[in-house]
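First up is the structure itself, then whatever we jot down about it.
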Amino acid sequence: MLNFIENLAKEAGIMAQNQRKHLSSAGIHFKNERDIVTDVDRQVENFIKTKIAESFPDHAILAEESGVSKEHDSEFLWIIDPIDGTTSFVHDMPIYSVSIGLHRNGKPYAGVIYAPRLGELYSAELGKGATLNGTPIHVSTRDSLVNCLAETGFACLRAGLKENNLKHFCRIAPQLRGIRRDGSAALDMAFVAAGRVDFFWEMFLQPYDIAAGEIIVQEAGGRITDFQGGNDYPLGHGIVVSNGIIHDRVLEQLALD
Ligand code: 2AM
Ligand code: CA
């Protein structure tokens with residue numbers, strides 16, 4: 001199964017990278033003023049869905065651009081973001097990815113994130129560990145904020161939401177070694193799994209932004225909660241992804257006003 005997902009994510013990522021060369025302004029559409037989708041997002045999503053349907057016709061699929069395609073009573077649900085980091089993709093910045101997650105009986109079962117411009121394939125299956133380009137990965141061991149490199153994002157700003165992440169950013173950023181805003185929640189989670197980044201937090205993400213990242217982080221030994229330390233993520237309560245050691249310190253900071 002994992003082999004199938006890895007090959008699919010790679011093929012999809014290479015398709016996205018190749019099609020980027022032919023993207024013109026006519027291929028860029030506005031979901032709203034700030035939220036863009038390209039013809040390539042749709043093409044890659046259709047490709048992934050078709051391949052899954054060919055091999056697993058009974059499985060249900062949830063995809064960013066087309067929603068839930070089938071309400072089967074299948075135990076399997078595929079959760080797809082054809083391009084995570086569409087803004088970077090459009091601007092020809094390299095940090096974007098294809099994210100394919102698979103749930104079994106409502107729980108993360110497998111996931112692959114492929115970043116074609118980075119040449120990086122992150123992959124995990126329940127109970128089998130997480131890998132980057134085939135090499136096992138594990139979260140970091142850094143245990144104080146002053147030694148941490150963090151990632152965050154501002155999906156809330158694009159959605160025009162009043163409750164935004166800026167106050168958290170202003171409070172937490174000065175306490176850290178460094179902070180990055182790379183614009184792909186899937187890759188932000190992969191970077192935590194690989195031990196490069198010690199934690200990541202964001203508000204108002206969607207299930208397709210985090211489905212593949214969730215199993216990859218879990219299998220790499222990390223921890224994922226909402227801002228209150230519970231399991232109600234990503235919808236409504238934000239998401240905190242960490243090496244586990246620094247997690248409670250981050251929750252404390254997010255609880256401050
Ligand atoms: P996308 O590129 O697939 O839209 C950046 O902060 C992260 O938030 C990216 O993973 C981006 O995914 C996601 N994002 C941006 N705007 C969003 C929105 N309105 N709803 C959900 N996710 C969003
Ligand atoms: Ca997307």
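The table below gives the values:
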quantity	calculated
Crossing angle, helix 39-55 versus the chain [Cα axis fit, 0-90 degrees, rounded to tens]	70 degrees
For the chain, size of Cβ-based charge dipole, Lys and Arg +1, Asp and Glu -1, in debye	640 debye
Solvent-accessible area per residue, Å², over region 1-85 with all protein chains present [probe radius 1.4 Å]	51 Å²
Net charge over other residues, Cβ less than 12 angstrom from the Cβ of LEU176 (K, R count +1; D, E count -1)	+3
Potential extension, LYS107-ILE179 segment - 0.36 nm per residue separation minus Cα distance	22.9 nm
Cα centroid separation - region 1-47 against region 84-118, whole Å	11 Å
Inter-label distance for GLU54 and LEU126, nm, one decimal - labels placed 7 Å from Cα along Cα-to-Cβ	2.7 nm
Compactness index (Cα Rg / 2.2 N^0.38 Å), the chain	0.96
Peptides ranked, highest mean first, by Cβ atoms within 10 Å: ranges 98-106, 184-192, 170-178, 221-229	184-192, 98-106, 221-229, 170-178
Over the chain, relative contact order from alpha-carbon pairs under 8 Å, at least 6 apart, %	17 percent
Restricting region 1-95 to GluC sites (Glu not before Pro) in coil, as DSSP defines it, with at most 11 other Cβ within 10 Å	GLU33, GLU71
Exposure ranking of SER69, SER97 by accessible area [1.4 Å probe, largest first]	SER69, SER97
Point-charge dipole on Cβ atoms (K/R +1, D/E -1) for region 217-257, about Cα centre, debye to 20	120 debye
Fully extended contour minus Cα-Cα distance, from GLN206 to HIS138, at 0.36 nm per residue	22.0 nm
Acute angle (nearest 10 degrees) that the helix 207-219 long axis makes with the longest principal axis of the chain, alpha-carbon atoms	70 degrees
Nearest-10 value in Å² for the accessible area of THR131, using the 1.4 Å probe	40 Å²
Share of carbon and sulfur in the accessible heavy-atom surface of the chain [1.4 Å probe, %]	49 percent
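The values are calculated or read from the model by the stated rules, or taken from the named source; none is laboratory data. Everything numeric in this text was worked out from a predicted model, so none of it was measured. Positions of Cβ are generated from backbone atoms using ideal geometry, with glycine treated the same way; all protein chains shown enter the neighbour counts. Ligands, DNA and RNA are stripped out before the accessible areas are found, and what is left, the full protein with its side chains, is counted by its heavy atoms. Shrake-Rupley method; radii C 1.70, N 1.55, O 1.52, S 1.80 Å.
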